[in-house]
Amino acid sequence: MTEAESRVATPRLHDRIETITDLLRRRDDLVLHAPGSPDGDTAALDATNAALQARLDELHPADMADVLESLPLHDRIAVWQLVKADRDGEILLEVSDSVRESLIADMDDREILAAVEPLDADELADLVDDLPTEMLPELMASLDAEQRERVQSAMSYDEDRVGALMDFEMVTIREDISLEVVLRYLRRFEELPAQTDKLFVVNAENVLTGVLPLHWLLVNSPDRMVHDVMAPDVNTFRPEDDAYDVAQAFERYDLVTAPVVDDRGRLIGRIAVDAMVDLIREEGEAEALSRGGLREEEDIFASVWKSIRNRWAWLAVNLVTAFVASRVIGLFEHSIEKLVALAALMPIVAGIGGNSGNQTITMIVRAMALDQVSVASIRRLWRKELGVALINGIVWGSVIGVVAWLLYDNIALGLVMMSAMTLNLLLAAFMGVGIPMLMVKAGRDPALGSSVLITAMTDSGGFFIFLGLATIFLL
């Protein structure tokens, strides 16, 4: 079978989810009618269970995680109970935090211990915070001394530090041996650690002296010594380094793995590209949630109360800002009564300002995440964004001004429309740069609620500018 045929033959994940959902519905219907049913129905139930089990067994842990996240709680638990016990730990690592909480709540301590037993120290550290507190002493006691020390080391760092993401599975060699010896040494392994693209060269004190990429090992003569072939200049990181900065380094230098060293240069672990990819994905998801004012990732099938708790804070802020905008409109009730066209046109001014402000704030937040913004560049950013807003305001304000003139046969209204749109775009640009800066100075995530805040500013400001100019020049 060719690669193309294989892709066609492999069902898409969405189709698999639909198939599993259909099998669950069919099974529930058969169970519902099971009492007093003929043997034929029992055979149908067994066949349905077998088909469902087969579908679940063929899924990769990451795909299994997507399936679980896509199912309502009742179906999710039913599927989770069918997952083979030796796969529980891998799947728990893949699901989102909110879904993981619901799965662990369905497991007893014995099942949890069996699930985490095969995991590496770094993987176990990822799960510890989600496990029941009362079982942690038993869990730590079940580990050998080396694994316990590694877990405690990983847990001692904040989740956004390299130390919390590094793993300890790596191959180290000495620099005073030949490549032939290295090859014989590698053949003793049943398999190399995942993502192994290089071997780490250390001295007797475990100080990192260089790295030996695997492709260099293969293309050089076996008689050559490691110190003659290795790369002494290597990207190294500290466990306390910011993980997002390290992720950017991985992208910049096309790294697959990189060593993690302590203050003395001793090798203590490695960071791999799969951890960086997960981090970037999680950062992107968190930023998207923050812009909408959500405090944390939410299980789409969470209870009503949990969803309310996650969303209420910024909805309250939005309610206040909406009330302010309504009071701004209220200040100009008499103007709207005299010229009804104002009520039809003012949403255009506010809406364009909100879109422009969101474009600016998205760009600034991204630049901050990439460390492209410094204190010295703030004024330049403001000048640039205000210039863009001014030109856009004149161009598109003129367009809508002409439309307003033609619709209402009032050239003064068209000029007010153009002026209001230009001023509101300038306000959007100013606040689009200013809001993230103020959030950073306050020690907050610059993306947190940014879309809510910029929309509030451009709505209230747009209404005030447009209705104020109309009151002065039209009435």
Legend entry - Cα Rg, Dmax, the stretch 13-161, angstrom units: 18.1, 60
Inset, instruction - Place the peptides 59-72, 125-138, 244-257 in order of packing, highest mean first, counting for every residue the other Cβ atoms within 10 Å and averaging per peptide. - result: 59-72, 244-257, 125-138
Inset, instruction - Note down the nm distance, to one decimal, between modelled labels 7 Å out along Cα→Cβ at residue 264 and at residue 194. - result: 3.2 nm
Legend entry - the chain - mean residue ellipticity at 222 nm from DSSP helices (-39,500 (n - 2.57) per run, n ≥ 4, rounded to 500): -21500 deg cm²/dmol
Inset, instruction - Sticking to Cα atoms, compute the Rg of the stretch 172-292 to one decimal and its Dmax as the biggest Cα-Cα distance, whole number, in Å. - result: 16.6, 61
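Sort the stretch 270-415 into rounded, prolate or oblate with this rule: let a ≥ b ≥ c be the square roots of the eigenvalues of the Cα gyration tensor; rounded if a/c is under 1.5, and if a/c is not under 1.5, prolate when a/b is larger than b/c, oblate otherwise.
oblate
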Legend entry - Proximal lysines to residue 384, defined as alpha-carbon separation beneath 26 angstrom and excluding residues fewer than eight positions away on the same chain: 441
Inset, instruction - Assuming R0 = 35 Å, can you tell me the calculated FRET efficiency for the pair residue 53 and residue 309, based on Cβ-Cβ distance, to the nearest 0.05? - result: 0.45
Inset, instruction - Run down the aspartates and glutamates and flag those whose C-alpha is under 19 Å from the C-alpha of residue 338, throwing out any fewer than 8 positions away in its chain. - result: 409
Inset, instruction - For residue 201, enumerate residues with amide H under 5 Å from its amide H, sequence gap 5+ or separate chain, H modeled in the peptide plane. - result: 173, 209, 210, 211, 212
Legend entry - Contour minus Cα-Cα distance for residue 323 and residue 12 (0.36 nm per residue): 107.3 nm
Legend entry - Counting all C-alpha pairs of the chain, share separated by more than 35 Å (%): 55 percent
Inset, instruction - Can you send over the solvent-accessible area of residue 321, 1.4 Å probe, protein chains only, in Å² to the nearest 10? - result: 30 Å²
Legend entry - Accessible-area value, residue 317, 1.4 Å probe, nucleic acids and ligands omitted, Å²: 50 Å²
Legend entry - Calculated FRET efficiency for the pair residue 62/residue 283, C-beta based, R₀ 22 Å, to 0.05: 0.75
Legend entry - Inter-probe distance in nm under a simple model that places probes 7 Å from Cα toward Cβ, at residue 108 and residue 19: 3.4 nm
Inset, instruction - For residue 144 and residue 185, compute 0.36 nm times the residue count separating them, minus their Cα-Cα distance, and round to one decimal in nm. - result: 12.2 nm
Legend entry - Label-point gap, in nm, between residue 333 and residue 380 - each point 7 angstrom along Cα→Cβ: 5.1 nm
Inset, instruction - With a length cut of 24 Å (Cα positions projected on each helix's long axis) and a Kyte-Doolittle mean of at least 0.0, go through the chain and give me the DSSP H helices that pass. - result: 304-331, 341-369, 378-408, 411-441, 450-474
Legend entry - Relative contact order %, the chain, counting alpha carbon pairs below 8 Å whose residues are six or more apart: 11 percent
Legend entry - Theoretical FRET efficiency, 1/(1+(r/R0)^6), r = Cβ-Cβ of residue 101 and residue 32, R0 30 Å, to 0.05: 0.55
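The values are calculated or read from the model by the stated rules, or taken from the named source; none is laboratory data. Small disclaimer: the values here were computed from a predicted structure and weren't measured. For neighbour counting, all protein chains shown are included, and Cβ atoms are generated from backbone atoms with ideal geometry for every residue, glycine included. Side chains included, ligands, DNA and RNA excluded: accessible areas come from the protein's heavy atoms. Shrake-Rupley method; radii C 1.70, N 1.55, O 1.52, S 1.80 Å.
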